[in-house]
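As structure tokens, the structure follows; a few thoughts come after it.
The values are calculated or read from the model by the stated rules, or taken from the named source; none is laboratory data. From a predicted model like this one, the values you see are computed outputs, not experimental measurements. Virtual Cβ from ideal backbone geometry, glycine too; neighbours counted across all protein chains shown. For the accessible areas, the whole protein counts, side chains as well, though only heavy atoms, and no ligand, DNA or RNA atoms are used. Shrake-Rupley method; radii C 1.70, N 1.55, O 1.52, S 1.80 Å.
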Amino acid sequence: MAATSLNVGLIGLGTVGSQVAERLVTGQPQLTRRAGLELCLQRILVRDVNKPRAVTVEPGLLTNDPDLLLDDNDIQVIVEVAGGDEPMHSYLERAISAGKHVVTANKVVMANHGMQLLTLAAEKNVDVYFEAAVGGGIPLISTFRTDLQANRIERLSAVINGTTNYVLGRMGTDGLALEDAVKEAQAAGYAEADPTDDIEGFDATYKLAILGSIAYEISVRPGDIYREGINGIEPVDFRYARELGYAIKLVAHTQRHRGRVEARVHPALVPLDHPLAQVEGADNAVFVEGDLVGRVLLKGQGAGGRPTASAVVGDLIDLARSIRRGVQNRPSFTFDDRVGVVPMGEVVTRAYYRIRAEDRPGVLAAVGQVFAEEGVSISSFIQKDAWVEEKTAELVITTHPTEDTRLQKARERIAGLQPVRAVSSFLRVF
Ligand code: NAP
Ligand code: HSE
């Protein structure tokens, strides 16, 4: 007899999990009609069964024993919205080995172990869905998996961390201190359990590893991606950037080169008329360039319980439809393991320097000489706020595209010049 239901074991009932449970409990019968099977929440794994929850679920569903989900033969799919590498990686591996499908929002596990889990799933004839792992509610993975498959992807630039985008917005527009803006992002449910994952750019590298691997069908490891976080950006940088015609964003960028790919995550000055400069709040945007399709912008809510639950439940519906049609184990991605990432030093980019220096004749010439000796061409120069009593001033310089290693060398040498007090800020210009 054909199945009429799909039994779900949910891991996690926090920001995302509570919204998933809420939709599964209250969204019937619409979900059943769309999925073709009834999505039945059988069991929910949490750490603390007594914790107050944002959603009302039958108390009997909650457990802190993973075996009750992973060893239950009636549970056909594990939906993991808990986060972190271990124990979730082991749980998902166990679930797949036992012939269960997986839907996960866990970018850490997918970035670190996605290739192995997808391979195992293919062997076990089950599916792994991970739409929610990148870009919250924005349909990214499915877009790459189906709609962009005819293309050779040339480059991809993105704002893919909602927390840092929210924080940069609050700092730049409203003058908030970084710590206060992070607290707001945590309260809104955007931030990771440890928000330094967001602030230091780790979360964005996991997501870029997933997107890059899928876009180029190669294995991009998070550790191979150049990473810088948003610590150290000061309010004055937003002001100067705006005067120069830029916004400051945490940008994740990857680009195809001959036999290698560029992959980097760092804060950057983005021209105000670029689509990424217009991404506000916790929104995300991915700007992709394919050889057939040209440029495509995918934009929407990149963080938060409800948009992420939209992606998770969407995956469940897709899975239920496949099961109903008897077409499990959909064509998966292949990942060539031999393509390397271009070292950051070889990447050609532009830079912005904010230099605090003595306000006296010859200083600019000394700074200019370092740039000239390092082969760095200056694109713009402004002398900004002067501190009359200290006889210092701020020099704001942007460069033309140059190898990053030369930009760094110039930065080090300028910082060591006698009349220079500090290179207070160094940011790439996108
Ligand atoms: P969260 O609010 O911290 O919730 C995590 C949930 O997982 C909690 O219910 C927790 O149980 C449970 N949990 C954690 N470790 C566990 C363990 N070892 N055993 C059993 N249960 C465990 O996290 P979240 O914001 O919902 O994020 C969940 C996942 O979605 C993460 O992978 C995150 O990266 C991803 N994601 C989040 C967002 C977002 O905007 N929040 C967006 C996209 C993707 P207790 O409640 O008992 O502590
Ligand atoms: N902490 C993540 C962010 C959640 O801020 O983008 C979405 O993956």
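Overview of values
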item	result
Surrounding net charge for Gly36, when Lys and Arg each add one and Asp and Glu each subtract one, Cβ distance under 12 Å	+3
Within straight-line cross-link reach of Lys391, lysines at Cα separation under 30 Å, skipping those fewer than 8 residues along the same chain	Lys409
Under Karplus coefficients 6.51, -1.76 and 1.60, residue-wise ³J(HN,Hα) of segment 348-364 in Hz, glycine/proline x	9, 8, 9, 9, 10, 10, 10, 10, 9, 9, 4, 8, 8, x, x, 5, 4
Per residue solvent-accessible surface (Å²) - the chain, probe of 1.4 Å	43
Convex hull per residue volume in Å³, alpha carbons only, for segment 346-429	74
Dipole in debye (nearest 20) - the chain, about Cα centre, beta carbon charges: Lys, Arg +1; Asp, Glu -1	920
Viscosity 0.890 mPa s, 25 °C: Kirkwood-radius Stokes-Einstein D of segment 215-269 over Cα pairs, µm²/s	189
Within the accessible area of the chain (1.4 Å probe), percent carbon and sulfur	47
Bins of 10 Å from zero: percent of alpha-carbon pairs in segment 133-217	17, 43, 26, 14, 1
Long-range HN-HN contacts of Ser379 with modeled amide H, under 5 Å	Thr398, Thr399, His400
Farthest positive-ward along segment 141-300 dipole, Cα basis, beta-carbon charges - from Met171, Ala241, Ile218	Ile218
Isotropically averaged projected area of segment 141-300, using the convex hull of Cα atoms (one quarter of hull area), nm²	9.4
Over the chain, relative contact order from alpha-carbon pairs under 8 Å, at least 6 apart, %	16
Where a label projected 7 Å from the Cα of Glu184 along Cα→Cβ would reach, residues of segment 224-247 with amide N under 16 Å	235, 238
In Å, descending, principal axis extents of the Cα set of the chain	88, 47, 33
Where only alpha carbons of segment 1-143 are counted, the Rg and the Dmax (Å)	14.5, 40
Distance from segment 31-59 to segment 242-302 (C-alpha centre basis), Å	36
Volume per residue of the C-alpha convex hull in segment 242-339, rounded to whole Å³	156
